[in-house]
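> Please read through the structure below; I'll follow up with questions.
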Amino acid sequence: MRRYLKYIILSVICLGATGCADFLDKPSYSDYEEKDLLNEQGMTGLLNGIYDNFQSSSYYGASIYGYEISKGPDFFVRVSSGGSFERECRYSENTSSPGAATSIWTQIYKTIRTATDLIEKLNAGVPDMEDNMVKMYLGEAHGLRGLAYFDLMRLFAWMPRFSIEGGEEYEERYSLGVPILDTTDMAINPFKYKIRRATAADTYKYIENEFKLAKENLQGLETGAGHINYVAVCGLMARMYLYMERWDDVIAIGEEALAAAGAYDFLSYSSYKTSYYQSFNCENIWELAYTETDNCGGSALNYVARKETFNNPGAENDGKVSKALGYAAYGLFPEAQNILRKKSGAVEDVRGYLICDLGVNANPDYKGCRKYVGSSYHYVYNIPVIRLPEIYLTVAEAYLHLGNVPAADEYYKALRAVRVLETSGFETADPEVALGLLLEERRRELIMEGHTYWDYFRRGATMVREKAIENVRRRTVNFGLDKYQGRCQVIYPIPLKELEANVDIRDQQSPGYDSYGDVYGDEVPDTGGEIL
């Protein structure tokens, strides 16, 4: 009897999720001997599998930051980028042609599936693991699973101000979140379950609980290099509360993170140019580690973004192309260049150093951003997930929303002191004026780290891209519902392959996108799947 696959759920049943062949050619998960897995070595393998999934070019290796870059106001995607987020840059995704939505959806649910497997096994008991090791692995797995769901919400659901009742622009039609798969059995035996999108409110409650469990387990423990840790979890919770506009919670958990962040510090003004991209520098709270033998190769974000350059501060050739390696797909708008170069008096903002040649001979005026610099190769570098400056700026924003300019000013000045040698701060008592300065600082400091586009969206603000250039067709994006233009591409659609495979979600496509019925009518597609 033929069955239509629940596309993602069944496609992630590969043990450890470190890469696999077609799942129809693999033995089912139940065919593996549990006794071979229930030891510290097996648990370490599963934990490494979660990180491998995060590092994929379909997730943090390129796609999630690439999505934000292509949708936001700082970069334009070139027409010769090889299809790297060109559709997203044009805001032309649709149900049948959703850009990178399918690969990202698949990759994140693979990550969730592996984390869930590890959590269940640890909770069931692993004989040879010490208690602190179990707690540490549980903390990491819960934190990673929480972040994975948070990223799904950023990509496939409307922001809390629109989707959660009580939000400033709430409408019920935007209230859907994503499917929550909280047991391994839901992945192994999907036809036993009705797998549907939870509400956004319930999804965020789930994410919050995941972070709380991670925090509880990781407190007082030291994880390894490249692994999520207690300070990172607190910082990610502050990020989540920022999106939810829970200002008191942002301040409480953000300041808890900073109180525990004794090992981290800001780079000095004089050392920034040679240190900001170095692995495990003092500002990086958690970064994903890559090596010469384990990296994203030609799919890495930096390789896609620009050509390789000389990186020698003060040298004549600094910032010029050194090798014709890379696609030069993402150009910096002149406005973004001006924001990065902005002076404080006579002092240059040190972040102007990020501007470099893009590597496009046909248009030498095009500039790129060297936020990521490969160590041995153009595509070998670590990717920060959360850094100390983000937490400072997040806490400052929460204080401004509560009208406390002096408290926000202390955090703002701390960063400005090392980026432009400025100690004067906001120089205003008006929270709205100060907020404008702070948001520009976020845009400058967190460029190419997956924030600016969502900073506009979460606030329901209007985003204006400088001009129509190459793939940029939609210049003004009005997120707020009172001025919304009726366009739906501010989030991804639920992938058509998921609608084909999962009958229970077919009536839950996001507003504005074609439904399953709009695409197929009464026709039933054959997805090629068969349960034997």
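> Residues in segment 505-517: is at least one under 24 Å from TYR330 (Cα atoms), assigned to a helix (DSSP H, G or I) and of a type outside the set (Gly, Ala, Ser)?
Scanning segment 505-517 turns up no residue that is under 24 Å from TYR330 (Cα atoms), assigned to a helix (DSSP H, G or I) and of a type outside the set (Gly, Ala, Ser).
> Any idea how many residues of segment 504-514 are surrounded by 14 or more Cβ atoms within 10 Å (Cβ to Cβ) and over 18 Å from MET153 (Cα atoms)?
Total satisfying the criteria: 3.
> Please give the strands (runs of 3 or more DSSP E) falling wholly within segment 308-408 in which 1 or more residues are aromatic (Phe, Trp, Tyr).
330-332
> Does any residue of segment 201-219 turn out to be within 20 Å of ASP151 (Cβ to Cβ), part of a strand (DSSP E or B) and at pLDDT 95 or above?
Checking segment 201-219: not a single residue is within 20 Å of ASP151 (Cβ to Cβ), part of a strand (DSSP E or B) and at pLDDT 95 or above.
> Taking SER270 as the residue in question, decide whether it is under 30 Å from TYR353 (Cβ atoms), at pLDDT 95 or above, among the polar types (S, T, N, Q) and open to solvent by 40 Å² or more (accessible area, probe 1.4 Å).
Considered against the rule, which asks whether it is under 30 Å from TYR353 (Cβ atoms), at pLDDT 95 or above, among the polar types (S, T, N, Q) and open to solvent by 40 Å² or more (accessible area, probe 1.4 Å), SER270 comes out as yes.
> Do you know which of the residues in segment 473-497 that are out of contact with any strand residue (DSSP E or B) (no Cβ under 9 Å at 6 or more places or on another chain) and assigned to a helix (DSSP H, G or I) is surrounded by the fewest Cβ atoms within 10 Å (Cβ to Cβ)?
Selected residue: ASP482.
> Additional query: Between VAL395, VAL405, which is under 20 Å from ARG458 (Cβ atoms) and out of contact with any strand residue (DSSP E or B) (no Cβ under 7 Å at 6 or more places or on another chain)?
Within the list VAL395, VAL405, the selection yields VAL395.
> Yes or no: GLU222 in a helix (DSSP H, G or I) and either surrounded by fewer than 16 Cβ atoms within 10 Å (Cβ to Cβ) or among the acidic types (Asp, Glu) (or both)?
Against the criterion (in a helix (DSSP H, G or I) and either surrounded by fewer than 16 Cβ atoms within 10 Å (Cβ to Cβ) or among the acidic types (Asp, Glu) (or both)), GLU222 does not qualify.
> Before we move on, is ALA324 of a type in the set (A, V, I, L, M, F, W, C) and over 25 Å from the mean Cα position of the chain (by Cα)?
yes
> What's the number of the condition ILE108 fails, among (1) at pLDDT 95 or above; (2) part of a loop (DSSP other than H, G, I, E, B); (3) of a type in the set (A, V, I, L, M, F, W, C)?
It is condition (2) that ILE108 fails.
> If I filter segment 259-292 down to residues being assigned to a helix (DSSP H, G or I) and touching a helix residue (DSSP H, G or I) at 6+ places or on another chain (Cβ under 6 Å), which single residue comes out as farthest from GLY374 (Cα to Cα)?
Top of the filtered list is TYR272.
> Please find, within segment 170-200, the residue that is nearest to ASN502 (Cα to Cα) out of those that are of a type in the set (D, E, K, R) and in a helix (DSSP H, G or I).
Among residues in segment 170-200 that are of a type in the set (D, E, K, R) and in a helix (DSSP H, G or I), the one nearest to ASN502 (Cα to Cα) is LYS192.
> Identify all residues within segment 380-419 that are open to solvent by 10 Å² or more (accessible area, probe 1.4 Å), of a type in the set (Ser, Thr, Tyr) and under 20 Å from ARG246 (Cβ atoms); write none if there are none.
Selection gives TYR392, TYR399, TYR411.
> Select from segment 425-472 the residues that are in a loop (DSSP other than H, G, I, E, B) and free of Cβ contacts under 8 Å to residues at least 12 places away in the same chain and write down the one among them that is most open to solvent (accessible area, probe 1.4 Å).
This residue is GLU427.
> Further question on the same structure: Which one is nearest to VAL350 (Cα to Cα) among residues in segment 276-303 that are open to solvent by 20 Å² or more (accessible area, probe 1.4 Å) and β-branched (Val, Ile, Thr)?
THR291
> Related question: Just name the residue that is farthest from GLN508 (Cα to Cα) out of those in segment 133-164 that are in contact with a strand residue (DSSP E or B) (Cβ under 9 Å, 6 or more places away or on another chain) and part of a loop (DSSP other than H, G, I, E, B).
Step by step, filter segment 133-164, then rank; the result is ILE164.
> Continuing with the same structure: Which of the residues spanning segment 100-136 are out of contact with any Ser or Thr (no Cβ under 8 Å at 6 or more places or on another chain), over 26 Å from ASP185 (Cβ atoms) and surrounded by 19 or more Cβ atoms within 10 Å (Cβ to Cβ)?
ALA101
The values are calculated or read from the model by the stated rules, or taken from the named source; none is laboratory data. Predicted model, so just to flag it, every value in this text is computed and none were measured. FYI the Cβ positions are ideal-geometry reconstructions off the backbone, even for glycines, and counts take in every protein chain you see. Keep in mind that these areas ignore ligands, DNA and RNA; they rest on the heavy atoms of the full protein, side chains included. Shrake-Rupley method; radii C 1.70, N 1.55, O 1.52, S 1.80 Å.
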